[in-house]
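Enquirer: Got a structure for you, questions after.
The values are calculated or read from the model by the stated rules, or taken from the named source; none is laboratory data. A quick note: this is a predicted structure, and the numbers were derived from the prediction, not measured. Cβ sites come from the backbone with ideal geometry, for glycine too, and all protein chains shown count toward neighbours. Just the protein is used for accessible areas: all its heavy atoms, side chains included, with ligands, DNA and RNA removed. Shrake-Rupley method; radii C 1.70, N 1.55, O 1.52, S 1.80 Å.
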Amino acid sequence: MAELKPADRMKIKRHEMPNQDQVIRRGNFEEVALGYAAETARTEAERCLQCKDPKCVQGCPVGVLIPQFIKALREGDMVKAVEWMKVKNNLPAICGRVCPQEVQCEGSCILGKKGEPVAIGRLERYVGDFELSQRTCPLVKALKTGKKIAVVGSGPAGITCAVDLGREGHDVTIFESLHGPGGVLIYGIPEFRLPKGVVHGEISYAADCLGIDIKTDHVIGRSFTLDELLEDFDAVFLGTGAGLPSFMRIPGINLNGVMSANEFLTRVNLMKAYQFPDYDTPVKLGRKVAVVGAGNVAMDSVRCSARLQSLQAKQTGEVPGEAHIVYRRSKDEVPARQEEVHHAAEEGVIFNFLTNPIEILGDEKGNVRALRCVRMELGEPDASGRRKPVEIKGSEFDMEMDTVIMALGTNPNPIVFVDAAGLERTKYGTAVADNDTGRTKKKRVWAGGDVVTGAATVISAMGAGKRAAADIGKFLKGECSWD
Amino acid sequence: MYKILKKEVLSNVVKLMDIDAPHVARKAKAGQFVIVRIDEFGERIPLTIADYDREKGTITIIFQELGKSTMHLGMLNPGDSLASFAGPLGHPTEIENFGTVICMGGGVGIAPIYPITRALKEAGNKVISIIGARTKDLIFWEDRMRAVSDELIVCTDDGSRGRKALVTEPLKEILGDNDRKIARVWAIGPAIMMKFVTLATKPFNVPTIVSLNTIMIDGTGMCGGCRVLLEDGAQFVCVDGPEFDGHKVDWDSLLSRLSYYREEERKAVEHWEHKCRLDGTLVKGRE
Ligand SMILES: Cc1cc2nc3c(=O)[nH]c(=O)nc-3n(C[C@H](O)[C@H](O)[C@H](O)COP(=O)(O)OP(=O)(O)OC[C@H]3O[C@@H](n4cnc5c(N)ncnc54)[C@H](O)[C@@H]3O)c2cc1C
Ligand SMILES: Cc1cc2nc3c(=O)[nH]c(=O)nc-3n(C[C@H](O)[C@H](O)[C@H](O)COP(=O)(O)OP(=O)(O)OC[C@H]3O[C@@H](n4cnc5c(N)ncnc54)[C@H](O)[C@@H]3O)c2cc1C
Ligand code: SF4
Ligand code: SF4
Ligand code: FES
């Protein structure tokens, strides 16, 4: 294509993502977003104005070199595009799929001021998928330094930290308590949004290139304590995430049919319950499911529910059951990625806004029968700037339900803190760590990701892993002292 | 992969295995458990650490063949491997010299009560043990239990071995005997047995420790599926337990939660038996 003028570039319309048909996809767990074709990616890339002061980069928590990778892409030099990408981001096939781009890179893109931003996330995914299939740009390990580092947890924070340290020539061992690496990427985010093959592909590619040893089934705090790791390793990074679910303090929480989103998603994603009985782990879901909350976790839960209900309906010949979102604020405050909310609605999910559960009612067998709620209205803005929902007196009503899934946020998993004297924690249970370096209050221990911030995003966890890796590298080379 | 080094048949539905798992053996203690996954398709099931050998790096598990996973496990042999073996999980048993204590094991619960009994004996306690099962074929380790107890009472429901009684009968007699001051009771077995043990000890105000066997998914505190209702709120059995003060447990809620997946469990067995028939493997251990 000939070199275009900015005005021409701005005339090109943002390219829609081809998606699996909304009716068909409700009955399977295959990926919804199918990815750009080569030509679509090329023309979408033509839209970028190659800004001198690219705002998009400022919007990205790890500062991906966006104009550079997009330029290489549109010039047809995919190898170069991958190289630019991997300067800042080792897991583009993952971030391209799950980053909340509308509030990060794309939210800051200059084109978004008047029209629609460049589809940076979709292009990133395109580059990531290319690299996963072609493997043109293997990560290279520098000369061995002889330093040993333990990374605890194999979510995005741990993996990123391990990869950066591996590239510098350090010996890295990852300890993971579950039976496979990936953290939330494998146990939480469903197959139809982030195929597990992509996660395994990205992680094993990086681990193979760099000789990273991943020890699964190792629960730190039990198999080994933090203090024991410090005896064998020069540095320890904690990326243990925030996996401990919270339950609402309302009556009926222990009834059969009430579960945390983590239980539900772990059964479905990690254990593949949607393929029961070929896989051993079952999941029991009623014809009426309520998911409480409206973040990414809630959206994933409700969309998995809709799919399982369709699969069940296929077997019984009935019409599929109902999958509801129950959220105490309004549509405007929904914290999930826009795309997920949109997809959920297409898949037939029913949204109940300004509705707050106050009790779960059971039948004589101890199974869930209904969810008792009150209607809410929006009052004054609270500390977070969002308008605070207040109860409308006397508005109680019951919604008939068989299953209630609680998607209300999580806290750091406590086991790793066993026998870790000196590791300070906040009253929320998160580890205290410096934002720039990841250093905790315990010598030679760094931390980052959800274990420090509480539930956040994949890319912010990766950013924290990167910053900690940089500081660990400096510390091990003796370029800075601990104090 | 974790190799099966040894297999013993303790009764027609109870089997023992030694597993090569140095990362678990190095710290394992009485009262803790492991999460086992047989293969790529397997679920994660909790099993108590029945014994361990730190030098050899092995863990002994004992399991009762109840459903798909335990029946499948029972068909494996030395030389076969397990896909996952995570642990040691949960808190170890609190061992001290309490005075005179009672250790009770029901059915496959005899396995986990044994290392606790041994540890309590070593700590200087006077130990009275009561083990029981439906019938004599389900009783195992009588000799081992006798070796670490000052007194051992064996019961079966049908009287085919020892006393014809439920384990709670001799328990009540001992508690009612004013000459014996019982400091603590441990009870491990089916939930229903533990419930009745706690009902029996309650009037005597004897602290009673039970090891709860809720359904688990991850076993690391991440899902809340194992939660149990105690007097002072819900707790996670995998992280806060598995041992709890039995007098605080809401047994009816626990029993109801244990039965919630019965239909699916039945389906899993059917599906698996069908598969075994197709590929010609015999389904053993269900005579
Ligand atoms: C359902 C769901 C959907 C989400 N959707 C999105 C999305 O669309 N976009 C987005 O940006 N973010 C999303 N998030 C948030 C994002 O996934 C997390 O912020 C991110 O994964 C945090 O990464 P992490 O590395 O800090 O921790 P995690 O991914 O939680 O990984 C921690 C790992 O540490 C392991 N671990 C814990 N304790 C121990 C121990 N004691 N010993 C050994 N290992 C241990 C855990 O098993 C786990 O594998 C979602 C989260 C969930 C739950
Ligand atoms: C901390 C802990 C330690 C345990 N230690 C042992 C052990 O040392 N040896 C052993 O044999 N078992 C032990 N169990 C129980 C064991 O985990 C279950 O028997 C096993 O998961 C059953 O799996 P399955 O697929 O074979 O049977 P399923 O098909 O899952 O169940 C078959 C039948 O058993 C019942 N059942 C299911 N789960 C349990 C359970 N957790 N407890 C009691 N009944 C159940 C079901 O209601 C059903 O009727 C332990 C459980 C816990 C939580
Ligand atoms: S990592 Fe995420 S925020 Fe950064 S450029 Fe890529 S998609 Fe955008
Ligand atoms: S802000 Fe938008 S147009 Fe400018 S460089 Fe970034 S992606 Fe291209
Ligand atoms: S089994 Fe998941 S929290 Fe205990």
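Enquirer: Of the residues B:K267, B:K248, which single one is away from ligand 3 (no atom under 16 Å from the Cβ) and in contact with a Leu (Cβ under 6 Å, 6 or more places away or on another chain)?
Expert: The unique qualifying residue is B:K248.
Enquirer: Separate question: When the residues of segment A:346-385 are narrowed to those that are out of contact with any strand residue (DSSP E or B) (no Cβ under 7 Å at 6 or more places or on another chain) and small (G, A, S), which ends up surrounded by the most Cβ atoms within 10 Å (Cβ to Cβ)?
Expert: Out of the qualifying residues, it is A:G348.
Enquirer: Also, I was wondering about something else. Out of curiosity, is A:V87 of a type in the set (V, I, T), within 26 Å of A:I189 (Cβ to Cβ) and either touching a residue at least 24 places away in the same chain (Cβ under 8 Å) or part of a helix (DSSP H, G or I) (or both)?
Expert: It is true that A:V87 is of a type in the set (V, I, T), within 26 Å of A:I189 (Cβ to Cβ) and either touching a residue at least 24 places away in the same chain (Cβ under 8 Å) or part of a helix (DSSP H, G or I) (or both).
Enquirer: Restricting attention to segment A:250-280, which residues are over 15 Å from B:A268 (Cβ atoms) and more than 27 Å from the chain's Cα centre (by Cα)?
Expert: Residues satisfying the conditions are A:I250, A:P251, A:G252, A:N254, A:L255, A:N256.
Enquirer: Out of curiosity, is A:R303 over 22 Å from B:H271 (Cβ atoms), of a type in the set (D, E, K, R), within 13 Å of ligand 1 (Cβ to nearest atom) and part of a helix (DSSP H, G or I)?
Expert: Answer is yes for this residue.
Enquirer: Somewhere in segment B:88-97, is a residue open to solvent by 40 Å² or more (accessible area, probe 1.4 Å), farther than 26 Å from B:I192 by Cβ, in contact (Cβ under 8 Å) with a residue 40 or more places away in the chain and within 14 Å of chain A (Cβ to nearest Cβ)?
Expert: no
Enquirer: Test of understanding: among A:V82, A:V23, which residue is open to solvent by 70 Å² or more (accessible area, probe 1.4 Å) and assigned to a helix (DSSP H, G or I)?
Expert: Step by step, each of A:V82, A:V23 is checked, and only A:V23 is open to solvent by 70 Å² or more (accessible area, probe 1.4 Å) and assigned to a helix (DSSP H, G or I).
Enquirer: Right, next: Does segment A:351-370 contain at least one residue that is within 20 Å of the chain's Cα centre (by Cα) and of a type in the set (V, I, T)?
Expert: For segment A:351-370, residues within 20 Å of the chain's Cα centre (by Cα) and of a type in the set (V, I, T): absent.
Enquirer: If you take the residues of segment B:208-235 that are open to solvent by 60 Å² or more (accessible area, probe 1.4 Å) and touching a residue at least 12 places away in the same chain (Cβ under 8 Å), which of them is farthest from the other protein chains (Cβ to nearest Cβ)?
Expert: So, considering only residues that are open to solvent by 60 Å² or more (accessible area, probe 1.4 Å) and touching a residue at least 12 places away in the same chain (Cβ under 8 Å), the one farthest from the other protein chains (Cβ to nearest Cβ) is B:N213.
Enquirer: Let me ask another. Output the number of the condition that B:C238 fails; it satisfies all remaining conditions of (1) among the hydrophobic types (A, V, I, L, M, F, W, C); (2) touching a Lys or Arg at 6+ places or on another chain (Cβ under 6 Å); (3) within 11 Å of another protein chain (Cβ to nearest Cβ).
Expert: (2)
Enquirer: Next question. For segment A:439-483, how many residues meet the condition of being more than 16 Å from ligand 3 (Cβ to nearest atom) and over 12 Å from A:G241 (Cβ atoms)?
Expert: Qualifying residue count for the region: 24.
Enquirer: Looking at (1) more than 9 Å from chain A (Cβ to nearest Cβ); (2) near ligand 2 (Cβ under 9 Å from one of its atoms); (3) of a type outside the set (G, A, S); (4) touching a residue at least 40 places away in the same chain (Cβ under 8 Å), which is the only condition B:R262 fails?
Expert: Unmet for B:R262, out of (1) more than 9 Å from chain A (Cβ to nearest Cβ); (2) near ligand 2 (Cβ under 9 Å from one of its atoms); (3) of a type outside the set (G, A, S); (4) touching a residue at least 40 places away in the same chain (Cβ under 8 Å): (4).
Enquirer: Just one of A:G449, A:G438 is under 20 Å from A:I94 (Cα atoms), more than 14 Å from chain B (Cβ to nearest Cβ) and either open to solvent by less than 30 Å² (accessible area, probe 1.4 Å) or within 12 Å of ligand 1 (Cβ to nearest atom) (or both); which is it?
Expert: Answer to the selection: A:G449.
Enquirer: Return yes or no: is A:V118 in contact with a Gly (Cβ under 9 Å, 6 or more places away or on another chain) and within 30 Å of A:P414 (Cβ to Cβ)?
Expert: No, not satisfied.
Enquirer: Which residue out of A:E39, A:E44, A:E31, A:E75 is out of contact with any Asp or Glu (no Cβ under 9 Å at 6 or more places or on another chain) and open to solvent by less than 40 Å² (accessible area, probe 1.4 Å)?
Expert: A:E44
Enquirer: Another question about this same structure. Can you name the residue in segment A:425-437 that is closer than 23 Å to B:M222 by Cβ, in a loop (DSSP other than H, G, I, E, B) and not polar (S, T, N, Q) and is also farthest from the chain's Cα centre (by Cα) among such residues?
Expert: Result: A:K427.
Enquirer: Same structure, new question: Residues to consider are A:A33, A:A7, A:A37; find the one that is away from ligand 5 (no atom under 16 Å from the Cβ), under 30 Å from A:V268 (Cβ atoms) and either within 14 Å of chain B (Cβ to nearest Cβ) or among the small types (G, A, S) (or both).
Expert: A:A33
Enquirer: Across segment A:230-282, what is the number of residues that are within 15 Å of ligand 5 (Cβ to nearest atom), open to solvent by 20 Å² or more (accessible area, probe 1.4 Å) and more than 27 Å from A:A464 (Cα to Cα)?
Expert: Looking only at that region, the number is 2.
Enquirer: Do any helices (runs of 4 or more DSSP H) entirely within segment A:191-273 hold 3 or more residues that are facing chain B (nearest Cβ under 10 Å), and if so, which?
Expert: A:261-265
Enquirer: Same structure, new question: Starting from segment A:404-429, keep only residues that are on the phi > 0 side of the Ramachandran plot and touching a residue at least 40 places away in the same chain (Cβ under 8 Å), then list their pairs with residues that are part of a loop (DSSP other than H, G, I, E, B) and open to solvent by 50 Å² or more (accessible area, probe 1.4 Å) whose Cβ atoms are within a distance under 6 Å, requiring at least 6 positions of separation or different chains.
Expert: A:G409/A:A455
Enquirer: A further question follows. Of all residues in segment B:236-248, which are open to solvent by less than 50 Å² (accessible area, probe 1.4 Å) and either in contact with a helix residue (DSSP H, G or I) (Cβ under 7 Å, 6 or more places away or on another chain) or within 11 Å of ligand 5 (Cβ to nearest atom) (or both)?
Expert: Matches in segment B:236-248: B:F236, B:V237, B:C238, B:V239, B:G241, B:P242, B:G246, B:H247.
Enquirer: Additional query: If the requirement is being at negative phi and within 16 Å of ligand 5 (Cβ to nearest atom), which of these qualifies: A:I174, A:I186, A:I110, A:I212?
Expert: A:I186
Enquirer: Going through segment A:186-219 one residue at a time, which ones are crowded, with 23+ Cβ neighbours inside 10 Å, touching a strand residue (DSSP E or B) at 6+ places or on another chain (Cβ under 6 Å) and not aliphatic (A, V, I, L, M)?
Expert: A:D217
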